[in-house]
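One structure below.
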Ligand SMILES: NC(=O)c1ccc[n+]([C@@H]2O[C@H](COP(=O)([O-])OP(=O)(O)OC[C@H]3O[C@@H](n4cnc5c(N)ncnc54)[C@H](OP(=O)(O)O)[C@@H]3O)[C@@H](O)[C@H]2O)c1
């Protein structure tokens, strides 16, 4: 079985690739820049752009993992319907769609298709915490707004494991899975877990929303993206902090905790 993975160079996609290889599958990884892509040995690396569906090589592929947005501005992938049509025509059997916070044209098309589809709805990735790595290393500080907000963060390795299990083992067609970790944590609780993992005190400093906005804009993030991200954190919908057991149901083991993620990534914070 060959599985085509989009977003393979990203936080979640890299884990999909890793888990597929562990299950003995052949992997075709799509990237816009093959020369810059760092992918494991044995992976077939192809250049393609989701905004140009004719560049995505679905031939000879039985399973596909698709992103539902593309580019730095997280814009919805308007080519979703054409991608699904091409996948169907090429004889693809199973497909996972990674949700991006809204019902995308890709999700619309895939759920209306003849493919064995599964939508994966991850909540905040634990890897988002890596944006704190530099200030923790340099000053032992994390600055973030909204101390009260809790999030049912998901380990990106669990996203990869669920996608691989769905694509390889089958039996999940027509399902939408909400992917969360085992607990909802506030930022101060995440900061404490990082401190425990690296054996150093890390101080949480609550920013105002404006300070956070300025910092994100200075870092070059598009204004619309900043508004969406801050809005999500400020008024998080219940699905953002509600723990769901779908990871455990699919994998037959508990979802991984933030404490274990922090131990695995301690090196980034030291
Ligand atoms: N972070 C979160 O908390 C969170 C929560 C829910 C959903 N999501 C969604 O999960 C998805 C993956 O996030 P991530 O953090 O793993 O991604 P990431 O690390 O930011 O990497 C982005 C990936 O998207 C690929 N990509 C971007 N535009 C593309 C295009 N036009 N054609 C083909 N590939 C393209 C990039 O590939 P190349 O650069 O190699 O071409 C890269 O692999 C995103 O769609 C995001 O919206 C994220």
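The values are calculated or read from the model by the stated rules, or taken from the named source; none is laboratory data. Note that the structure is a prediction, hence the values are computed from the model and not measured. When we count neighbours, we look across all protein chains shown, and the Cβ atoms used for this are built from the backbone with ideal geometry, even at glycine.
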Looking at (1) surrounded by fewer than 16 Cβ atoms within 10 Å (Cβ to Cβ); (2) over 22 Å from residue 159 (Cα atoms); (3) within 9 Å of the ligand (Cβ to nearest atom); (4) under 20 Å from the mean Cα position of the chain (by Cα), find the lone condition where residue 78 falls short.
(3)
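Quick grid of which residues meet (1) more than 14 Å from the ligand (Cβ to nearest atom); (2) in the same structural domain as residue 225 (by TED's automatic domain parsing); (3) over 19 Å from the mean Cα position of the chain (by Cα):
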{"residue": "9", "(1), (2), (3)": "no, no, no"}
{"residue": "20", "(1), (2), (3)": "yes, no, no"}
{"residue": "29", "(1), (2), (3)": "no, no, no"}
{"residue": "35", "(1), (2), (3)": "no, no, yes"}
{"residue": "39", "(1), (2), (3)": "no, no, no"}
{"residue": "49", "(1), (2), (3)": "no, no, no"}
{"residue": "71", "(1), (2), (3)": "no, no, no"}
{"residue": "84", "(1), (2), (3)": "yes, no, yes"}
Which residue out of 202, 228, 243 is closer than 19 Å to residue 265 by Cα and touching a residue at least 40 places away in the same chain (Cβ under 8 Å)?
202
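Check 211, 183, 201, 224 and return the single one that is surrounded by fewer than 17 Cβ atoms within 10 Å (Cβ to Cβ), part of a helix (DSSP H, G or I) and at pLDDT 95 or above. Working first, answer last.
Numbers: 183 fails: part of a helix (DSSP H, G or I); 201 fails: part of a helix (DSSP H, G or I); 224 fails: at pLDDT 95 or above.
Answer to the selection: 211.
Quick one: would you say residue 168 is in contact (Cβ under 8 Å) with a residue 12 or more places away in the chain and assigned to a helix (DSSP H, G or I)? Reasoning before the result, please.
Details: in contact (Cβ under 8 Å) with a residue 12 or more places away in the chain: yes; assigned to a helix (DSSP H, G or I): yes.
Yes: the conditions hold for residue 168.
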Checking the condition farther than 18 Å from residue 228 by Cα, surrounded by 19 or more Cβ atoms within 10 Å (Cβ to Cβ) and touching a strand residue (DSSP E or B) at 6+ places or on another chain (Cβ under 7 Å), which residue from 61, 84 passes?
61
Filter the stretch 72-84 for residues that are touching a residue at least 24 places away in the same chain (Cβ under 8 Å) and outside any loop (DSSP other than H, G, I, E, B); which is farthest from residue 112 (Cα to Cα)?
76
Among all residue pairs at least 6 apart or on different chains, which show Cβ distances below 8 Å where the first residue, located in the stretch 36-49, is over 13 Å from residue 21 (Cβ atoms) and the second is more than 11 Å from the ligand (Cβ to nearest atom) and assigned to a loop (DSSP other than H, G, I, E, B)?
46/57; 48/57
Out of (1) out of contact with any helix residue (DSSP H, G or I) (no Cβ under 8 Å at 6 or more places or on another chain); (2) more than 15 Å from the ligand (Cβ to nearest atom), the odd one out for residue 94 is which?
(1)
